[in-house]
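What follows is a short report on a single structure.
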Amino acid sequence: MKLKYHVEIKASEIACNLSDFQEWEREAFRWVFADINDARNFKPIYILDSNRRESDVKRESYNCTGYAISLYNSQQSAKSKLLRIISGRPNAHKKLGTHIAQGELEHGDGISGKTNDSGHFDLFEYENVNLNSKFSIVEAIIT
């Protein structure tokens, strides 16, 4: 199966080693806006914000995970990270999200990496996958 943003990844001409990524069936949590169908909810940062991509290129921190979506393995991990970010940047929630959503990833949704120490992992969705329909809001963080 093809990755949802395979064209953009290829056009970026950056090395994209996904050998450690695989299909997993697992529970996932994500920052979202109050309307689960908001177009921003399940878009990677490099698709949402081309300035971020350009900034990362200049800092030489550009890699293909900018075309993946960030997920967490627990509601608490997602909430803690969002609260940490917005505590230093009070308007960050306007770009990142105001709620936590929970969903179940299945084989065929995409490939993801291993979970890091803070509970974060990246998911490269496959083409024609619609995660909005698989996730539900479980907590409001900013109201």
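Rule-based calculations on the coordinates, nothing more; no lab input. Please read these numbers as outputs of a predicted model, since none were measured by experiment. Don't worry about glycine lacking a Cβ; one is built from the backbone with ideal geometry, like all the others, and counts go over all protein chains shown.
If R0 is 30 Å, the Cβ-Cβ spacing of GLU139 and ASN17 corresponds to a FRET efficiency of close to 0.30. Taking every C-alpha pair closer than 8 Å and separated by at least 6 residues, the mean separation divided by the residue count of the chain gives a relative contact order of 37 percent. Here the chain is treated with +1 on each Lys and Arg Cβ and -1 on each Asp and Glu Cβ, and its dipole about the Cα centre works out to around 620 debye. Counting every pair of alpha carbons in region 48-124, the share spaced more than 20 Å apart comes to 43 percent. For GLN76 and LYS10, the FRET efficiency from 1/(1 + (r/R0)^6), where r spans their Cβ atoms and R0 equals 30 Å, is about 0.25.
Each 5 Å bin from 0 upward holds the following percent of the Cα-Cα pairs of region 1-99: 2, 11, 18, 22, 21, 16, 8, 1. Where in region 21-58 is the amide nitrogen less than 13 Å from a point lying 7 Å along the Cα-to-Cβ axis of ASN130? In region 21-58, the label zone of ASN130 (backbone N under 13 Å from the point 7 Å along Cα→Cβ) covers 37-39.
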